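Novice: Okay, handing you the structure first.
Just so you know, all these numbers are worked out from the coordinates, no wet-lab data involved. Small disclaimer: the values here were computed from a predicted structure and weren't measured. Positions of Cβ are generated from backbone atoms using ideal geometry, with glycine treated the same way; all protein chains shown enter the neighbour counts.
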Amino acid sequence: MSDTKRFPPDPAFSNYFDDFLLDESEELNTADLTRLFREEDTRPRLPEGFHEDRRKATRDRRKDRTGDRRKTLSVREELAHDQDGDPVAAYLREMGTLALLTEEDEIHLSSLIEEGGQRVQNAALSTHVAIAVLTNLADSLADGRQDITQVLQVEAELDEAAVEQIKNRFLDRVDKAQALDRERLALGLGIDRCRSRDDYFTKRRAVLEKGEEISRLFHEMAIKKRYIDPIVAGLELLSERMRGAVVSMVDRRSPAHPGATQRPVTLSLAELTVDVQFMREVGLDAPALAQITHEIDSGATIIKHARQSMVQGNLRLVVAVAKQHLGRGLGFGDLIQEGNIGLMKAAERFNHRRGFRFSTYAVWWIRQAIARGVADKGRIIRLPVYMIDTINKLLRASTQFYAREQREPTAAELAEVLGMELEKVKNGLKVAGDAVLFDTLGGDAGEAALGATLAEQDRPGPEEITVTARLKECLKQVLATLTPREAMVLRMRYGIDVDSDHTLEEVGSHFAVTRERVRQIELRALERLRKPGRMEELRDFLDQ
């Protein structure tokens, strides 16, 4: 490594790269390598006082409702008093500290989510890893395997001509991205062979600019998350591999490593770039990849915090919907949990540009999630969703019929009211009752489990077990009078002491003879067994 060039920093670069581009007399120590992957505060930049204003509004409303009684107790102290009580009550009390979102809040949070998604997309598409994904998408669009609406976020009200124009524009951008990527890789492969400082920084800057050009091509196109995620996963894998290579090199240079030199535990950036061979595959060096992964993490954190704020501001909506589903097999806490899952899904899919409030959009997701949870977990034996719907229709019709006629309806009357087939109604009524666990205590004294009181119809009795054992013994003695080959043929043909009976072809394959030869052996063995004296004991079993 003695011939490796070390270059001083270029003044045109930002402070981020000034930390790693060192002078010829300087080297990168272990602490600098740690800073290469440092974590920064990437929380979304909400307007100053955004959350404080919401909390203040909530506190004012609570103060009006409860007076001065809670002035000396914080919410955390109240929860501490309730820690041994009902967890749902504690949850509801904590939920009461969160303010509702205004329409402006929802628009702002949605804009933050879009901003975070754009940052993730721009950073991911600026790498060579993204080119393979874009190429596959272009191929699937060109041959008709996919539609552009499956790849990009496209407004639903656009006509076919506008959608086709978007598709052609996307295919054209992919072609340009492929050309730029080839140029970038050519520059990246030769960056470690530079012999002058100016040449090094010129090529390095050109490599980064090519990536920025690629990401700008798709800046106005929102590629769906399921296609960005594989790119992000690939970059995370590369980053982990690079971390491992850095740690390995530091260990080799450490005095504690066997055979290490007396040189200090330092490492030049040029050595890092040359030694990490896999970095050439993506045309990026260590600081550039670190910056890209940092940008992705920053965008993902913005999305996470914005969605979290949107969910927290609508938790009351989940409670309101959950109350409508009480008495259907799940407890109140479980209903809230299922509804919160639906609320989070709604936050992932909400688009404020369509003109309606988030609560209007989310209530459908909450209801669907709770209904699915009741169907899957509300009964001991799970029923399909379509059967749950049928049972609910039957129950509603039965309740209305009873209120009108003051008696329970028959299956035929329910079938007529609902317009269903009679057999379908009978099946629905049959499964409408909930199951009973086998370990439920029953009997007069309640000391025996229900399962212990039920007769086992399929279990053989003691007499049958004895007869079966005697029959096996007699068959064994009778077959012993035949040749081993004849006995084995009969065992395989009639399933005696084997898993199942076998066909003539299967037995012939076992003995490497034809099926006709097996048939002859079987007939001869049966003929021998029919002789007097060999079947006497077996006749007793035939009589039974």
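Novice: Got a sec? How would H294, H510 order by Cβ neighbour count within 10 Å, fewest to most?
Specialist: Lowest count first: H510, H294.
Novice: Want the number for Q520 to I391: 0.36 nm per residue separation, take away the alpha-carbon distance, what's left?
Specialist: Working it through step by step, the gained length comes to 40.3 nm.
Novice: Taking a threshold of 29 Å on the Cα-Cα distance, which of the pairs K167/K210; K176/K304; K377/K426; K323/K345 fall above it? Write out the running numbers ahead of the final one.
Specialist: On the way: K167/K210 23 Å; K176/K304 32 Å; K377/K426 24 Å; K323/K345 20 Å.
Over 29 Å Cα-Cα: K176/K304.
Novice: Another one. What does the C-alpha gyration tensor say about the overall shape of the range 319-430? Classify as rounded when a/c is under 1.5, otherwise prolate if a/b is larger than b/c, or oblate. Don't jump to the answer; show the numbers that get you there.
Specialist: On the way: a/c = 2.45, a/b = 2.06, b/c = 1.19.
Taking the square roots of the gyration eigenvalues as a ≥ b ≥ c, the range 319-430 is prolate.
Novice: What list do you get for D497, D334 if you sort them by fewest beta carbons within 10 Å?
Specialist: D497, D334
Novice: Tell me, in nm to one decimal, what length is gained between D143 and F356 on full extension, where the rule is 0.36 nm per residue of separation less the Cα-Cα distance?
Specialist: Numbers: separation 213, 0.36 × 213 = 76.68 nm, distance 3.68 nm.
Here the answer is 73.0 nm.
Novice: Could I ask something else about it? Convex hull volume of the Cα atoms in the range 314-378, per residue, in Å³?
Specialist: Roughly 65 Å³ of hull volume per residue.
Novice: Kindly give Rg over Rh for the range 468-543, based on alpha-carbon atoms, with the Kirkwood expression for the hydrodynamic radius.
Specialist: 0.98
Novice: Sum up the charges of everything whose Cβ sits under 9 Å from the Cβ of W365, counting Lys and Arg as +1 and Asp and Glu as -1, but leave W365 out.
Specialist: Computed value for this residue: +3.
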